[in-house]
Amino acid sequence: MKQARALLVLVVCLAAGTARAQFVPGSAFGQPPPPPHFESVPPPPGPGFVWKPGRWMWDGVTWHWLHGMYVSKALVHDQYVPGHWEQDAGAGFRWVPGTMR
């Protein structure tokens, strides 16, 4: 199953003609991200949603800002713990994805 998924990703990337490195959560590289953008948080679309803040994404060439968005909670008492960039000893910076707890 994992091989089929990896093959599908490879085919899609080749079909798109992209030569840029793809971001992989948990991968590390030397450049630190820029400071976060300020985003005004709009009202939630309804009950049961939490704000997932925006973040920087490295595409192998440059940084791109991904805007924040609302995500739905699986359980009423869930809280979103935002992802963060952490410095990896000797390997650069690594993205640690956010989680719902």
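Quick look at the numbers
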{"read-out": "17 Å cut-off, amide nitrogen to a point 7 angstrom out along M100 Cα→Cβ, residues in region 36-66", "value": "44-53"}
{"read-out": "Lys, Arg +1 and Asp, Glu -1 on Cβ, resulting dipole of region 21-100 about Cα centre, debye, nearest 20", "value": "120"}
{"read-out": "Spin-label model distance (nm) - W85 vs S72, 7 Å beyond Cα toward Cβ", "value": "3.3"}
{"read-out": "Selection from G48, H64, W85, by position along the positive dipole direction of region 21-100 (Cβ)", "value": "G48"}
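We did not get these values from a lab; they are worked out from the coordinates using the rules stated. Computed from a predicted model, the values in this text were never measured in an experiment. Every residue, glycine as well, gets a Cβ built from its backbone with ideal geometry; the counts of neighbours run over all protein chains shown.
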